[in-house]
Amino acid sequence: MTRFTLKNEQQTLALARRLARTLRGGDVLLLQGELGAGKTTFVRGLARALGVRSRIKSPTFTLIHVHELAKGKEHRAKGTLHKTLSSKLYALRYLVHCDAYRIKRARELRDAGLMDWLGRPDTLVVVEWGEKIKPLLKGRRYILIKFEHGEQGNQRIIKMMASLQS
Ligand SMILES: Nc1ncnc2c1ncn2[C@@H]1O[C@H](COP(=O)(O)OP(=O)(O)O)[C@@H](O)[C@H]1O
Ligand SMILES: [Mg+2]
């Protein structure tokens, strides 16, 4: 488990950028934490780093937002994220942003089409309130990122851990 203390929104965005450099297609991020903890802000940081041009907002009502990476960045992603891997197989093309806040059962996200995106080598899946969809991930590896408020107003504690499933 890795723990970070972020003093302000800029530091949270910077951490998301750092993480973005280590991700590859097929990865699944589950973001856990109460309202206002910084999950959507973090997704915004990831999206910027990956070259998403469309606006990132919580997909609370639509459940799933699919963002296509800008073309230029897609190539950059090939170079920086996947140096040692086959660029054809692992180039990121889509950021899929989900929000499980309103769902009562994991299968609501399954019915909304999430399974089509999980594990695709050109797709990074990020789920806010992601702990709710663990039943859909049986046997799949994921990265769990927990967000907590710190002592000061703009302070956040972020803990990252990889699942043991593979
Ligand atoms: N260190 C920080 N990291 C992230 N957001 C912060 C931080 N400090 C203050 N904020 C504010 O907290 C709010 C987080 O909201 P948001 O990212 O939508 O949370 P969530 O998606 O978890 O509900 C934003 O208004 C943001 O400006
Ligand atoms: Mg949110």
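Taking the inverse of the mean reciprocal distance over all distinct Cα pairs, the Kirkwood hydrodynamic radius of the chain comes to 15.9 Å. For the stretch 131-137, the Karplus equation 6.51 cos²θ - 1.76 cosθ + 1.60, evaluated at θ = phi - 60°, returns couplings of 4, 6, 9, 3, x, 7, 9 Hz by residue, with Gly and Pro reported as x. Listed cross-link partners Lys7/Lys132; Lys7/Lys39; Lys57/Lys138; Lys7/Lys134 are compared with a 24 Å cut-off, the Cα-Cα value being larger for Lys7/Lys132; Lys57/Lys138; Lys7/Lys134. For the residue pair Ala162 and Glu131, what label-to-label distance in nm results when each label sits 7 Å from Cα along the Cα-to-beta-carbon direction? It works out to 2.2 nm between the two label points.
For Leu69, the residues whose modelled amide H falls within less than 5 Å of its own, excluding neighbours fewer than 5 places apart on the same chain, are Tyr94, Leu95. For the chain, the solvent-accessible area with a 1.4 angstrom probe is 54 square angstrom per residue. For a quick check, take a GNM of the chain with Cα springs below 10 Å and name the residue from Leu29, Leu92, Leu136 with the largest mean-square fluctuation. The residue with the greatest mean-square fluctuation here is Leu136. Quick one: among Glu108, Glu148, Glu68, which has the greatest mean-square fluctuation in a GNM of the chain with alpha-carbon springs under 10 angstrom? In the Gaussian network model the winner is Glu108. In straight Cα distance, which aspartates and glutamates are under 12 Å from Lys159, not counting same-chain residues fewer than 8 positions off? Qualifying aspartates and glutamates at Cα under 12 Å: Glu148.
The values are calculated or read from the model by the stated rules, or taken from the named source; none is laboratory data. What you see is a predicted model; the values in this text were computed from it and never measured. As a convention, Cβ positions derive from the backbone with ideal geometry for all residues, glycine included, and neighbour counts pool all protein chains shown. Remember, those area values only see protein heavy atoms, side chains included, never the ligands or the DNA or RNA. Shrake-Rupley method; radii C 1.70, N 1.55, O 1.52, S 1.80 Å.
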